[in-house]
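The values are calculated or read from the model by the stated rules, or taken from the named source; none is laboratory data. Quantities reported herein were computed from a predicted structural model and do not represent experimental measurements. For neighbour counting, all protein chains shown are included, and Cβ atoms are generated from backbone atoms with ideal geometry for every residue, glycine included.
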Amino acid sequence: MLTAILALRDIRGAGLWLVFWFALAALYFALLLGVRPLRKRAGTKTTLLAFAAAEVFTDLVWAGVCGYQPVYRNYGVAAVYGLALWPVALAAAAAAALVWGRRNSQKKERNPMWSEQNSISLSKLAVLLFAGAVAVCDVAGWWLVNWFLRTSRYQGINDAAHLVWGLVTLYIASAAAWVLLYHLYRLLTNIEAERVFETDNVRHLRAASWCCIAVAALCLGGAVFYLPMALVSMAAAFMGLIVRIIKNVFVRAIGMKAELDLTI
């Protein structure tokens, strides 16, 4: 909202963006305040905090996109795709508020602010936020690649071949990210349900490690066009190695638990 207000005189369509913001904000509060647990004091606080987080996130992203001191850039109709950022952020905020409100309503006794359960909830929320960020990158993929090519100081990285390379890299990496986030969320769900030492968790960890390795290989190939991608490849490979080691620990723990159960 703040970005739209500041851009009313400089960017075409800022008024439409402001109307769109108010409409979705009203829908957000109407839907969430219709849920009984969220009408209580703690639920209302959760709803407001989630909304504020979505607002700050959206304003920061759009300030980075449109803000260029001392004036704003005017992308006009080409920036209409950015309207998808606000509903995605609000959807993530609504999901977080609903999960948190339902969990609080089911508590029979006062729990400490930081607990194992809250840690798992925070991890699931982080996965959802990353999913929202990936969705934004998917919607804004064409603009992101073009912006990168225009602003990069790397010599010779502004032709059609690099544009195709950037789009292919972005969307293949996005596919791997969606698979990774799905398996991480399923893993956290199993842990939350106290299903820890199960082969299903090994499958989720194995899939997550292969996603990291796939991104590492993709970025290593992209280093032919843009050398700094080799650093991203190393980071993804390192994450894949960590997840792989955790998977091996789970395999050994499951085997030891099975032997213990047979002994008992």
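Answer yes or no as to whether residue 126 is assigned to a helix (DSSP H, G or I), over 15 Å from the mean Cα position of the chain (by Cα) and surrounded by fewer than 18 Cβ atoms within 10 Å (Cβ to Cβ).
Values: assigned to a helix (DSSP H, G or I): yes; over 15 Å from the mean Cα position of the chain (by Cα): no; surrounded by fewer than 18 Cβ atoms within 10 Å (Cβ to Cβ): yes.
Answer is no for this residue.
Inside the stretch 203-212, can you point out the residues that are closer than 18 Å to residue 253 by Cα and surrounded by fewer than 18 Cβ atoms within 10 Å (Cβ to Cβ)? Working first, answer last.
Within the stretch 203-212, the first condition is being closer than 18 Å to residue 253 by Cα, and the residues that meet it are 203-206.
If the condition is that a residue be closer than 18 Å to residue 253 by Cα and surrounded by fewer than 18 Cβ atoms within 10 Å (Cβ to Cβ), then 203, 206 are the ones that fit.
Of everything in the stretch 197-240, what is in contact with a helix residue (DSSP H, G or I) (Cβ under 7 Å, 6 or more places away or on another chain) and not in a helix (DSSP H, G or I)? Give them in sequence order.
Within the stretch 197-240, the first condition is being in contact with a helix residue (DSSP H, G or I) (Cβ under 7 Å, 6 or more places away or on another chain), and the residues that meet it are 197-202, 204-209, 211-216, 218-220, 222-223, 225, 229-230, 232-233, 236-237, 239-240.
Across the stretch 197-240, the qualifying residues are 197, 198, 223, 225.
Can you find a residue that is at pLDDT 60 or above and among the hydrophobic types (A, V, I, L, M, F, W, C) anywhere in the stretch 106-120? Give the derivation first.
If we filter the stretch 106-120 for residues that are at pLDDT 60 or above, which is where we start, we get 115-120.
Now narrow it down to the ones that are among the hydrophobic types (A, V, I, L, M, F, W, C): 120.
So far as the stretch 106-120 goes, yes, one or more of its residues are at pLDDT 60 or above and among the hydrophobic types (A, V, I, L, M, F, W, C).
So for the stretch 213-226 (the condition being surrounded by 14 or more Cβ atoms within 10 Å (Cβ to Cβ) and touching a residue at least 60 places away in the same chain (Cβ under 8 Å)), does at least one residue qualify?
Yes - at least one qualifying residue is present in the stretch 213-226.
Does residue 150 satisfy the condition of being without any contact (Cβ under 8 Å) to a residue 40 or more places away in the chain, among the charged types (D, E, K, R) and more than 30 Å from residue 93 (Cα to Cα)? Give the steps one after another, and end with the answer.
Values: without any contact (Cβ under 8 Å) to a residue 40 or more places away in the chain: yes; among the charged types (D, E, K, R): yes; more than 30 Å from residue 93 (Cα to Cα): yes.
Taking the combined requirement at face value, the residue satisfies it.
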